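Computed from the coordinates by the stated procedures, all read-outs in this text should not be read as laboratory data. From a predicted model like this one, the values you see are computed outputs, not experimental measurements. So basically every Cβ, Gly included, is an ideal-geometry build from the backbone, and we count neighbours across all protein chains shown.
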Amino acid sequence: MPIVESNTVTDPNEVNTATAPQAASSIPAALVLEDGRIFRGSSYGAQGTALGEAVFATGMTGYQETITDPSYARQLVVQTAPHIGNTGVNSEDAESRRIWVAGYIVRDAARRPSNWRSERSLDEELVEQGIVGIQGVDTRAITRHLREHKTMRAGIFSGEAAQATEKELLDIVLASEPMEGARLAEEVSIDDAYVVDPKDHGWEGDARFSIAAIDLGIKAMTPVRFAERGVRVHVLPATATLEDVKALNSDGFFMSNGPGDPATADNQVKLLRSVLDEKLPYFGICFGNQILGRALGFGTYKLKYGHRGINQPVMDRRTGKVEITSQNHGFAVDAPLDGPTTAPEERFGRVEVSHISLNDDVVEGLACLDIPAFSVQYHPEAAAGPHDAAYLFDRFIDLMEGTRDGRTANLSGEPVDAAHPPAGPNAAGTEAAGTGAAAQHENDNKTEDKK
């Protein structure tokens with residue numbers, strides 16, 4: 001297997017200053033892909049070895065939210081934006097309790113952060129949490145290589161680890177585990193349940209609803225978006241059972257984003273099928289969308305290079321509107337795109353693909369027409385990212401409201417019986433009276449501004 005070496009984009013002989021990223025620029029590092037391609041650069045963050053799946057993220061902002069997104073567990077993230085670290089990091093913008101990327105790949109690391117909210121540099125944060133990175137590589141060339149071939153196993157080697165021969169480095173990469181078959185949700189999930197209460201996020205008065213949310217790699221902003229709308233969120237570990245869910249006597253059930261291969265999520269699929277049998281309203285995002293697909297009897301498959309960024313166009317087939325969305329997934333649901341169909345698990349009735357990617361027609365959402373359940377493949381909490389999809393939180397509230405008062409038990413708009421006719425736009429899962437989706441959209445923007 002030939003090894004092709006790529007040139008760096010920085011001068012290895014440049015004089016370093018005392019700033020951490022530049023001080024590390026004298027320490028050699030290498031990114032080794034499983035097909036033999038090698039990119040030479042210098043150390044960034046901690047020194048050593050990082051193994052994982054090489055993927056690229058196209059976001060021009062929100063790098064702190066990216067690296068703390070648990071969906072990136074066991075992945076080496078290539079930032080396509082060339083200048084990274086200029087705003088530093090702070091204690092408010094992290095989307096989970098730690099950095100989850102296995103390794104970090106950037107072109108131009110900021111020499112020093114400059115932002116009024118910065119508390120420390122990104123390099124310092126990477127060092128403190130032991131995240132091995134590489135700087136000074138041509139991230140455009142890496143991205144193009146992954147697009148033309150596929151995401152693949154890779155390794156970042158810096159310091160003494162980079163002194164091994166090219167064959168030795170490649171052998172280490174080839175011995176690492178692939179993403180296919182990886183069961184990671186339990187690794188990133190919490191150990192103990194906790195509650196996110198509306199009163200702590202600007203909601204006045206009693207909670208309107210409560211939901212049980214399974215943490216498969218949940219981002220911190222997701223339960224906040226619910227709480228802002230008056231929904232109390234009971235966050236449960238990935239190992240939660242139906243008994244755990246029923247003990248909460250909640251109004252709805254939610255499954256979050258998360259890392260790994262959805263084909264390994266048999267326990268979560270079993271749990272969701274039990275919840276659907278109970279007719280408890282369900283909303284899932286990202287990994288939760290793939291689990292709903294599997295629960296309905298559809299398969300999943302691995303994408304060539306996935307969707308990762310905050311500029312992904314999606315069509316909501318229910319409204320005909322196009323949303324610019326935040327996404328991070330390497331797997332997708334294999335479901336028919338043409339019209340409603342009976343789910344392979346026939347007891348769940350009809351289902352339709354509600355959202356599609358406008359780039360490649362990948363399934364981006366599912367809507368059940370005979371049971372109260374729907375899901376999307378992207379991130380409506382959008383931290384960082386656009387707020388086009390924030391209405392989905394309101395749609396779930398509408399679904400819980402319609403189920404509770406007997407008006408409608410699904411997203412089809414069909415009444416439960418003649419005594420409970422659909423009430424205008426509420427029955428179609430659009431903006432509910434009193435929900436104030438437009439006003440909430442403005443509130444979402446204010447919350448993001450604080451971040």
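Can you list, largest first and rounded to whole Å, the semi-axes you get for the chain by taking the square root of 5 times each eigenvalue of its Cα gyration tensor? Write down the numbers at each step before the final one.
Details: eigenvalues 335, 107, 66 Å².
They are 41, 23, 18 Å, listed largest first.
Of the listed pairs K167/K304; K246/K279; K199/K270; K199/K246, which have alpha-carbon separations greater than 22 Å here?
Working: K167/K304 26 Å; K246/K279 12 Å; K199/K270 33 Å; K199/K246 24 Å.
Table pairs above 22 Å Cα-Cα are K167/K304; K199/K270; K199/K246.
Using modelled backbone amide H atoms (1.01 Å from N, in-plane), which distant-in-sequence or interchain residues come within less than 5 Å of E381's amide H?
Long-range HN contacts for E381: none found.
Helix-only mean residue ellipticity at 222 nm, the chain, DSSP H runs n ≥ 4 weighted -39,500 (n - 2.57), per residue, nearest 500. What is it?
Details: 12 runs with 103 residues, N = 451.
That calculation yields -6500 deg cm²/dmol at 222 nm.
For N86, what residues show an amide H to amide H distance below 5 Å, using hydrogens built from the backbone and excluding near sequence neighbours?
The answer is A110.
Of all DSSP beta bridges located in the stretch 174-292, what percent are antiparallel, nearest 5?
Working: 3 of 16 bridges.
Close to 20 percent.
From the backbone phi of the stretch 245-256, what are the Karplus-calculated ³J(HN,Hα) couplings (6.51 cos²θ - 1.76 cosθ + 1.60, θ = phi - 60°) in whole Hz, Gly and Pro given as x?
Coupling constants for the stretch 245-256: 5, 5, 5, 7, 6, 7, 8, x, 9, 9, 10, 8 Hz.
Calculate the dipole size of the chain relative to its Cα centre from +1 charges on Lys and Arg beta carbons and -1 charges on Asp and Glu beta carbons; express the result in debye to the nearest 20. Mind dumping the intermediate values first?
Numbers: 42 positive and 66 negative charges, 95 e Å.
My answer is approximately 460 debye.
Which cross-chain or sequence-distant (5 or more) residues have an amide H under 5 Å from the amide H of T300, H modelled 1.01 Å from N in plane?
The answer is D334.
From the phi angles alone, apply the Karplus equation (6.51, -1.76, 1.60; θ = phi - 60°) to the stretch 271-282 and give each ³J(HN,Hα) in whole Hz, x where the residue is Gly or Pro.
Result, rounded to whole Hz: 4, 5, 4, 5, 5, 5, 4, 7, 6, 7, x, 10.
Quick one: what Rg and Dmax do you get for the stretch 147-205 from the alpha carbons, in Å?
When restricted to the Cα atoms of the stretch 147-205, Rg and Dmax are 21.1, 65 Å.
Using the Cα centre as the reference, give the magnitude of the dipole from point charges on the C-beta atoms of the stretch 145-261 (Lys, Arg: +1; Asp, Glu: -1; all else neutral), rounded to the nearest 20 debye. Could the numbers behind the result be given before it?
Values: 12 positive and 21 negative charges, 101 e Å.
That gives a dipole near 480 debye.
Out of the DSSP beta bridges found with both residues in the chain, what percent are antiparallel (nearest 5)? Please list the in-between numbers first.
Numbers: 51 of 85 bridges.
Within the chain, antiparallel bridges account for around 60 percent of the total.
Expressed as an acute angle from 0 to 90° and rounded to the nearest 10, what is the orientation of the C-alpha long axis of helix 391-405 relative to the principal long axis of the chain?
Its long axis makes an angle of about 30 degrees.
For E160 and L242, what does the FRET efficiency come to when R0 = 56 Å and r is the distance between their Cβ atoms, rounded to the nearest 0.05? Mind dumping the intermediate values first?
Numbers: r = 50 Å, r/R0 = 0.89.
E(calc), rounded to 0.05, equals 0.65.
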